[in-house]
Amino acid sequence: MADDFCEVMLLPSTQCDHCRSAQSKLPQRVYVTRGGSVYHRTPHCEGLKDGQRYARWKGHDVHDIESVPRSDVRARLGACEICRPDTPPPPATGRPF
Ligand SMILES: [Zn+2]
Ligand SMILES: [Zn+2]
């Protein structure tokens, strides 16, 4: 995929140490609900809860949260914009804010 090119190092991501270590920090398993269109980093994501609240409010069935391998869903679902399961956590700076 084109987005596997590192724009910082101008290398394919597979050859960029930074990207490879970032990839390894991404969650191996993510959380989805049946019928959901995005996947989540954590089952406690507000977006996930909102989706369930919305389904309940609309009178739809509320599906259980399932944990699935990220590689299974990343081709067909989007990443949640709240918990950002496709973005590695920022590197620790070692100093508290
Ligand atoms: Zn990179
Ligand atoms: Zn989420």
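The sum of -39500 (n - 2.57) across all DSSP H runs of n ≥ 4, divided by the residue count of the chain, sets its helix-only mean residue ellipticity at 222 nm to -7000 deg cm²/dmol. Net charge near Trp57, counting Lys/Arg +1 and Asp/Glu -1 over other residues with Cβ under 14 Å of its Cβ? Net charge in that neighbourhood comes out at +2.
Taking the inverse of the mean 1/r over every pair of distinct Cα atoms in the chain gives a Kirkwood hydrodynamic radius of 15.0 Å. Placing pseudo-labels 7 Å out from each Cα toward the beta carbon at Lys58 and Leu10 gives an inter-label distance of 4.6 nm. The length gained by stretching the chain between Arg29 and Thr87 to full extension, at 0.36 nm per residue less their Cα-Cα distance, is 19.5 nm.
Bear in mind that the values in this text are calculations on the coordinates, not laboratory data. Not measured: the values here are computed from a predicted model. Cβ sites come from the backbone with ideal geometry, for glycine too, and all protein chains shown count toward neighbours.
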